[in-house]
Amino acid sequence: MSYLMPTYARQPISFVRGEGSYLYTADGTAYLDALTGIAVCGLGHCHPAITSAINEQAGQLVHTSNLFGVDWQEKAGEVLCRAANMQQVFFANSGAEANECALKLARLYAHNQGKARPKVVVMEHSFHGRTLLTVSATANPKARAGFFTLDDDFIRVPFGDIQAVADLDDADICALLVEPIQGEGGLHTPPDDYLDALAKICDDRGWLLMLDEVQTGNGRTGKYFAYQYSNITPDVLTTAKGLGNGFPIGACMVSGKAVGLFGAGSHGSTYGGTPLGSRIVCAVYEHLTDEVMTNAVTEGDFIRQAILDKFANRGISARGRGMMIGFAMPDGVDLSQAVDTARDVHHLIVNVTGGNVIRLLPALNLSHADAQLIVDKLSALLDTLLGA
Ligand SMILES: *Cc1c(COP(=O)(O)O)cnc(C)c1O
């Protein structure tokens, strides 16, 4: 009997050590980690430079609260806003908190325009977090069930469907919240001109364009932020996951018409942007180089293509961009044992999303040898699943 609330369907394994793309159990068995803590440890486990930044700062100053200036927070704000091409940032402690901040900004934006009950446009298959407001913005019925979600505050449309957004005709709409590529909802990629088209609609109608890059950010897709594949600048941009390489920190950034909404007292967090967390953000930024992001594209494409070469004729298709990698199975393939078989037989850590998609979120600096190993192990798994 565990003292932990049973909120997770945990796998029967735990790890005691991590190094780069490998996790180790107490008996020393190595597992090739193609999931990196769900797109979190983008630079790999226990990256030496991140570890030494943690150690140094832990011995110097961990937390003072935001009653005072925090020099490392100023620095982290600067590097992050420059990397994102945004103007200002609020530091939170998780992805949900970053999105909660975005949704509060949208409500304040509407309030300032005299709207009584503002609505935010969100997408089918979206995932935005587990706080009450972010789970209300989330599509997954399992995450929502029983929580009296705030459904009147959102309008949901199909992901990737520009016309569905253009057709909306509700004066209460104040903002639109979308992931550039949907992660938890099954790795859906929209049409190439999607963000540009959404930006134009938002601009025309005075809605805030709010991008949830909690998962797609911090180099995951091969650009610092996935929206940088398009020609737009969002009004609000959130991120977390890879931002701290495992240290819990999130960020909500603003630009254009979202600047100046918050003043002293309108939002806050005791822990937001501690000296320790902020210094880690700076260390991650320093090591998330163009070379690392190029590697994410090269090796991500290599894994996708290698699997397609072997299995496209068996009905498997590839999804995602950079190191957000999905393989959608043809109808009738049973994935209920896939994660366990990958782990126990092939010592490969993967995940299944959207019911029929095997998902990989490897380290951005994955070596080519380990990319090849992932292909070999995954191929063996797919042979079993497809009944080779
Ligand atoms: C993981 C995730 C979140 C929630 O982040 P937490 O840190 O778990 O609160 C929100 N949005 C997206 C797109 C995510 O992938």
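The values are calculated or read from the model by the stated rules, or taken from the named source; none is laboratory data. Everything numeric in this text was worked out from a predicted model, so none of it was measured. Here the Cβ is made from the backbone with ideal geometry for all residues, glycine too, and neighbour counts use every protein chain on show. Accessible surface is based on the protein model in full, side chains and every heavy atom, while ligands, DNA and RNA are left aside. Shrake-Rupley method; radii C 1.70, N 1.55, O 1.52, S 1.80 Å.
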Hey, which of the strands (runs of 3 or more DSSP E) in region 221-335, taking only ones fully inside, have at least 2 residues that are assigned by the TED database to the domain that holds Leu80 and in contact with a Lys or Arg (Cβ under 6 Å, 6 or more places away or on another chain)? none
Only one of these is among the polar types (S, T, N, Q), touching a residue at least 12 places away in the same chain (Cβ under 8 Å) and in contact with a helix residue (DSSP H, G or I) (Cβ under 6 Å, 6 or more places away or on another chain): Gln113, Gln60, Gln87, Gln73. Name it. Gln73
Hey, Asp193 hits all of (1) over 29 Å from Phe247 (Cα atoms); (2) at pLDDT below 95 but one; which does it fall short on? (2)
Just checking, does region 22-37 include any residue being within 16 Å of the ligand (Cβ to nearest atom) and among the small types (Gly, Ala, Ser)? yes
Output the residue which, of all residues in region 184-220 that are part of a loop (DSSP other than H, G, I, E, B) and away from the ligand (no atom under 16 Å from the Cβ), is surrounded by the most Cβ atoms within 10 Å (Cβ to Cβ). Trp207
Gln87: open to solvent by 100 Å² or more (accessible area, probe 1.4 Å) and not hydrophobic (A, V, I, L, M, F, W, C), yes or no? yes
Test for Ala106: is it within 16 Å of the ligand (Cβ to nearest atom), surrounded by fewer than 18 Cβ atoms within 10 Å (Cβ to Cβ) and part of a helix (DSSP H, G or I): no
Of all residues making up region 137-165, the number that are closer than 23 Å to Gly206 by Cα, away from the ligand (no atom under 11 Å from the Cβ) and surrounded by 15 or more Cβ atoms within 10 Å (Cβ to Cβ): 11
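Yes/no matrix, rows are residues, columns are (1) farther than 30 Å from Leu373 by Cα; (2) in contact with a Leu (Cβ under 9 Å, 6 or more places away or on another chain); (3) open to solvent by less than 10 Å² (accessible area, probe 1.4 Å):
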| residue | (1), (2), (3) |
| --- | --- |
| Tyr229 | no, yes, no |
| Ile232 | yes, yes, no |
| Leu237 | yes, yes, yes |
| Phe262 | yes, yes, no |
| Ser269 | yes, no, no |
| Gly300 | no, yes, yes |
| Arg304 | no, no, no |
Of the residues Val357, Val375, Val352, Val345, which single one is under 22 Å from Gly183 (Cβ atoms) and open to solvent by 10 Å² or more (accessible area, probe 1.4 Å)? Val352
Does Phe225 satisfy the criteria of being within 16 Å of the ligand (Cβ to nearest atom), open to solvent by 20 Å² or more (accessible area, probe 1.4 Å), farther than 20 Å from Leu35 by Cβ and touching a strand residue (DSSP E or B) at 6+ places or on another chain (Cβ under 9 Å)? no
Residue satisfying condition, being among the β-branched types (Val, Ile, Thr), assigned by the TED database to the domain that holds Ala96, touching a residue at least 12 places away in the same chain (Cβ under 8 Å) and under 15 Å from Ala199 (Cα atoms), within set Ile181, Ile155, Ile162: Ile162
